[in-house]
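The values are calculated or read from the model by the stated rules, or taken from the named source; none is laboratory data. Since the structure is predicted, the reported quantities are computational estimates derived from the model, not experimental observations. Cβ sites come from the backbone with ideal geometry, for glycine too, and all protein chains shown count toward neighbours. All accessible areas refer to the heavy atoms of the entire protein, side chains included, with ligands and DNA or RNA removed. Shrake-Rupley method; radii C 1.70, N 1.55, O 1.52, S 1.80 Å.
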Amino acid sequence: MPQRPLVGEPIALDLLNTTWPDRGARQDVFDEPGGVGAWLAEWDLPDTPGAEEPLRHTRSVLREVLENPGASAERALNEVLARGRLRPELRQGGPEETIEVEEEAWRPAWLAAYGYLSLLRARPERIKRCSAYPACTLYFDDTTRNGTRRWCSMETCGNRAKAARHYRRERSV
């Protein structure tokens, strides 16, 4: 399985980041044998039969919401969200929320869609696409204090951008 370039993002963005360009070819974790199960394991979710298609669908819906926002994209995300709900409960004297989904295969996809809403509630302006786009298609949650993070990774895209800027500066002298 190819090494993903960015891990550790919130579940909605991590789902988006299961595809990325690499040397002109599109990589997709879900195309690899065991890729869906490995991704689910990263989130401590069971490898549920049938989860791949809902995950692929939700990934494309999230990409549409971020790249082409509008009524159609919102409707598609709401259709994913309609497949589950949170049921509040009191357990052992404390509040708890239980996730209920119409089909168990949709649980991981629903969690990713709901996770996107959580990001929107917290700080929507911190959901960012790497500034190296279109060479890099990764998204991240900018958790820096001042909210000025530009690249998915300083080690890869950030260094490439700085090196290119330095090269252009040197050539113009």
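The table below gives the values:
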{"quantity": "Theoretical gain in end-to-end length, R91 to A135 [0.36 nm per residue, Cα-Cα removed]", "calculated": "11.0 nm"}
{"quantity": "Rule-of-thumb Rg ratio for the chain [Cα; 2.2 N^0.38 Å; N residues]", "calculated": "1.17"}
{"quantity": "Whether segment 36-97 is rounded, prolate or oblate, judged on the alpha carbon gyration tensor where a/c under 1.5 counts as rounded", "calculated": "oblate"}
{"quantity": "Relative packing of peptides 103-111, 129-137 - highest average C-beta neighbours within 10 Å first", "calculated": "103-111, 129-137"}
{"quantity": "Förster radius 22 Å - calculated FRET efficiency between T148 and R26, Cβ distance, rounded to 0.05", "calculated": "0.15"}
{"quantity": "Residue-span extension gain [E74 to I99] - 0.36 nm each, minus C-alpha spacing", "calculated": "6.9 nm"}
{"quantity": "Neighbour net charge for E103 - beta-carbon separation under 12 angstrom, K R +1, D E -1", "calculated": "-2"}
{"quantity": "Computed accessible area, E74, all protein chains, 1.4 angstrom probe, square angstrom", "calculated": "120 Å²"}
{"quantity": "Acute angle (nearest 10 degrees) that the helix 107-122 long axis makes with the longest principal axis of the chain, alpha-carbon atoms", "calculated": "60 degrees"}
{"quantity": "Residue-normalised accessible area of the chain, given per residue in Å² at a 1.4 Å probe", "calculated": "59 Å²"}
{"quantity": "Portion, in percent, of the accessible area of the chain that falls on carbon or sulfur, probe 1.4 Å", "calculated": "50 percent"}
{"quantity": "Under-5 Å amide H pairs with Q27, H placed in peptide plane, nonlocal only", "calculated": "W20, D22"}
{"quantity": "Centroid-to-centroid separation of segment 61-82 and segment 1-31 [C-alpha atoms, Å]", "calculated": "20 Å"}
{"quantity": "DSSP-assigned coil residues among chymotrypsin sites (Phe, Trp or Tyr not before Pro) in segment 4-80, each with at most 16 further Cβ atoms within 10 Å", "calculated": "W43"}
{"quantity": "Overall form of segment 1-44 per C-alpha gyration tensor (a/c, 1.5; a/b vs b/c)", "calculated": "oblate"}
{"quantity": "Cysteines, the chain, no other Cys beta-carbon under 4.7 Å", "calculated": "C157"}
